[in-house]
Amino acid sequence: MKRLLSFLFALVLLVTTAILLFLYVDIPSWMLYQQELRSYNWFQTTLYILVGVVLVVAIVMIILGLSPSHKKRNLTSKYADGNMSFNKRAIEKNIQHTVGKYQDVRQPSIAVYLYEKKKAAYIDIVLDVFIAQTNSIQTLVKTMRQDVKDTTEHFSELPVRDVKVNVLDQKLLNKRVI
């Protein structure tokens, strides 16, 4: 969607610039065309609308460019003797190491969401895994969920609010599992 909006804005900007340049350039052979274009009733209104759209979008882009990004890539815990910062990638590697202990789990995909509120910080984890043929998938998922939660809480010293384990079906996805 961003690419489409960028393309449309660039197209409006290009057309507006071309029209304004066409009206500004003082070439004798273009004078007749310029006067004919100015004589249409709809032209001036359309030109004002195009300039207004370009100005509004430019102002919005400036405001968004100057506003701070709210994406935090790490969490900071404050202690009496200093601050401790946790990187999202380090937590993902810890979870990858924890999931790697299970023999029947194949190709884990890990998503970690870090939340920092005014008084508390917490972590949400989503795991997408393929599980090889085993007798008790439910028991494996339950123990893996608890193990991931415990190791992440021990590693980061932050509470894990939710651990979701999505077991993917190889046949539905048409994906080769190694």
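In the condition set (1) modelled with pLDDT under 85; (2) within 30 Å of Asp150 (Cα to Cα); (3) out of contact with any Ser or Thr (no Cβ under 6 Å at 6 or more places or on another chain); (4) not aromatic (Phe, Trp, Tyr), Thr76 is compliant with all but (3). Residue count for region 130-162, restricted to those that are closer than 12 Å to Ile91 by Cα, open to solvent by less than 40 Å² (accessible area, probe 1.4 Å) and either of a type in the set (Val, Ile, Thr) or in a helix (DSSP H, G or I) (or both): 5.
The condition of being under 30 Å from Lys2 (Cβ atoms) and either in contact (Cβ under 8 Å) with a residue 12 or more places away in the chain or in contact with a strand residue (DSSP E or B) (Cβ under 7 Å, 6 or more places away or on another chain) (or both) holds for only one of Ile110, Ile137, Ile62, that being Ile110.
The values are calculated or read from the model by the stated rules, or taken from the named source; none is laboratory data. Computed from a predicted model, the values in this text were never measured in an experiment. We place every Cβ from the backbone using ideal geometry, glycine too, and count neighbours over all the protein chains shown. With ligands, DNA and RNA removed, areas are computed over all heavy atoms of the protein, side chains included. Shrake-Rupley method; radii C 1.70, N 1.55, O 1.52, S 1.80 Å.
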